[in-house]
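S.K.: Okay, handing you the structure first.
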């Protein structure tokens, strides 16, 4: 058995949403290094262009596409465009997501609740539904959703009922699609990260109470790094994970053990 070959993504096209963020950009880099052609997708056209230029300069195959994942018609249009220009997408990574945390549930507005659910759950579903349909026709494909340890536990000290609920829903959506699509060759898994040391979370280091609570709740006593999430996504995307579907893989420094 050639185990190294199982990790090789050469000849596969991968579509990544939220691709210019801290975790997303690391996932893009990981999939490129394993040989995939990547479609870099995000909201900010300038950031998308900058990342594509960096990747191509490093010798990787990458193209960019701006996309609002909460617009199902836009998702369908993006899919059709990619299919026409680059062929079938064999790997889909749904990394786009927002938190808008640190708000008590009783004070949360309808707008804030709906915005987080729309991006994290609806957007993930529109992407799975649209790209998954093509994978089902092809009889193969791997989808990796970015969930969260917040889909298992209630974070503290910050209030984020909307975020927690959205990520728990992403986990169960992952299992539901996996069960439906496994007989037809499409795998659907998710990664559930801990607090990751990205620009999005950098401000917490100025909040001693919150930062201390985060580290005290983590057996490894540290935040994670984007590459530690990307490595697991690359594995799940590959044939090395060929027997895995419906799995929610914790990448959390042991957080959910306590």
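S.K.: If the convex hull of the alpha-carbon atoms of the chain is projected onto planes in all directions, what is the mean projected area in square nanometres?
M.R.: Projected over every direction and averaged, the Cα hull of the chain covers 14.1 nm².
S.K.: Can you tell me which of 100, 117, 243 moves the most in a GNM of the chain? Springs connect C-alpha atoms under 10 Å apart.
M.R.: Evaluated over the chain, the most mobile residue of the options is 243.
S.K.: As a footprinting exposure proxy, order 113, 258 by other Cβ within 10 Å, with the fewest listed first.
M.R.: 258, 113
S.K.: Over region 3-247, what is the relative contact order in percent, taking alpha-carbon pairs closer than 8 angstrom and at least six residues apart?
M.R.: It rounds to 21 percent for region 3-247.
S.K.: Quote the FRET efficiency, to the nearest 0.05, computed for residue 258 versus residue 66 with a Förster distance R0 of 45 Å and r equal to the Cβ-Cβ distance.
M.R.: In this case the efficiency is close to 0.65.
S.K.: With the cut-off at 21 Å, report for region 186-257 the share of all Cα pairs above it, as a whole percent.
M.R.: 34 percent
S.K.: Here's something else I'd like to know. How much FRET efficiency would the formula 1/(1 + (r/R0)^6) give for residue 140 and residue 207, where r is the Cβ-Cβ distance and R0 is 51 Å, rounded to 0.05?
M.R.: Given R0 = 51 Å and the Cβ-Cβ separation, E is 0.65.
S.K.: Helix 226-237 against the longest principal axis of the chain: what's the angle in degrees, Cα atoms only, rounded to the nearest 10?
M.R.: Rounded to the nearest ten degrees, it is 40.
S.K.: Continuing with the same structure: Using a 10 angstrom cutoff on alpha carbons, build the Gaussian network for the chain and name the most mobile of 231, 142, 41.
M.R.: 231
None of the figures in this text is laboratory data; all of them are computed from the coordinates on show. All figures in this text were calculated on a predicted structure; none of them were measured in a lab. A quick note on method: Cβ atoms are made from the backbone with ideal geometry, for glycine too, and the neighbour counts reach across all protein chains shown.
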